Amino acid sequence: MSEAPKPADAANDAANEPASDAKPNEWFARDGEREPGLRFSCTSCGACCSGPEGFVMVSDEETKRLANRMGVSIDKFVAVFTRPERGGRSLVELKTEHGHDCVFLDRERVPGRAICRVYEDRPQQCRTWPFWKQNLRRARDWESSAQRCPGMNEGPLIPPERVRVIRDASPL
C-alpha cells in the first residue's frame, strides 16, 4: 500500500519564500489580546476541499502540471477535470454526502481522513489555505473560517512574517 501524502501545510510550503515588508498594524501581528501570529495544523478533515459549491482556480502552469500527474493530455485534463469560470478555469466538484468535494479529494484510501490525490501538485489556492486574504482581513473573518476548519487556531504558531508571505502568494 502506498503512503498517504502529508497533510496540507501552507506554512511549510512557503518556508523558502522571502519575507514580506513588516505591517505591524495587522490584527494577527499585534501584541495584546493574543500572541502575534496564527496557529494552523491540517487535520485532513477535507472541510477546505468540500462544502458549498465553490471553485479552485487553476493557472495554465498548474493545469499542465496536473495533466502530467494524471497521465493525460492537457486538452483531456481540461475537458474532464475543469470547468470554465469567470476569470479562468476551476477544478470540477463532485456532489457527495459532504457537499461539493474537489474532484481530487479521496475519502476512501485512508479511513477517517480526506486526502488530496494530487497533493504534491495541488494548485496555489490549495497550498495557501487558510492564509487567504479574505480570511485575514479581520479577526472575525479568520474566526468565521475556523468554524469549518478544525486545524485553524491549533498546532504550531505561524509568525506574522510567514503568514504575510503565504497570504501574499495566495490568489484569494
Any residue in region 130-151 that's within 14 Å of C48 (Cβ to Cβ) and without any contact (Cβ under 8 Å) to a residue 60 or more places away in the chain: show its pairings with residues that are open to solvent by 20 Å² or more (accessible area, probe 1.4 Å) and assigned to a loop (DSSP other than H, G, I, E, B) at Cβ separation under 6 Å, as long as the two are six or more apart or on different chains. W132/L172; Q134/L172
L94: passes all of (1) open to solvent by 60 Å² or more (accessible area, probe 1.4 Å); (2) more than 19 Å from S41 (Cα to Cα); (3) assigned to a helix (DSSP H, G or I) but (3)
In region 37-52, which residues are of a type in the set (G, A, S) and either within 23 Å of E161 (Cα to Cα) or touching a helix residue (DSSP H, G or I) at 6+ places or on another chain (Cβ under 8 Å) (or both)? G37, S41
Sort through G87, G112, G99 and tell me the only one that's open to solvent by less than 80 Å² (accessible area, probe 1.4 Å), at pLDDT below 95, small (G, A, S) and over 15 Å from the mean Cα position of the chain (by Cα). G99
Restricting region 45-61 to residues that are under 11 Å from S90 (Cβ atoms) and touching a residue at least 60 places away in the same chain (Cβ under 8 Å), which is nearest to the chain's Cα centre (by Cα)? V56
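Consider N135 carefully, then state whether it is of a type outside the set (G, A, S) and either in a helix (DSSP H, G or I) or open to solvent by 60 Å² or more (accessible area, probe 1.4 Å) (or both).
Working: of a type outside the set (G, A, S): yes; either in a helix (DSSP H, G or I) or open to solvent by 60 Å² or more (accessible area, probe 1.4 Å) (or both): yes.
Against the criterion (of a type outside the set (G, A, S) and either in a helix (DSSP H, G or I) or open to solvent by 60 Å² or more (accessible area, probe 1.4 Å) (or both)), N135 qualifies.
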Within region 48-79, how many residues are open to solvent by less than 90 Å² (accessible area, probe 1.4 Å) and either in a loop (DSSP other than H, G, I, E, B) or over 20 Å from E120 (Cβ atoms) (or both)? 10
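The values are calculated or read from the model by the stated rules, or taken from the named source; none is laboratory data. Computed from a predicted structure; not experimentally measured. Neighbour counts run over all protein chains shown; Cβ positions are idealised from the backbone, glycine included. The accessibility values were calculated without ligands, DNA or RNA, using every heavy atom of the protein model including side chains. Shrake-Rupley method; radii C 1.70, N 1.55, O 1.52, S 1.80 Å.
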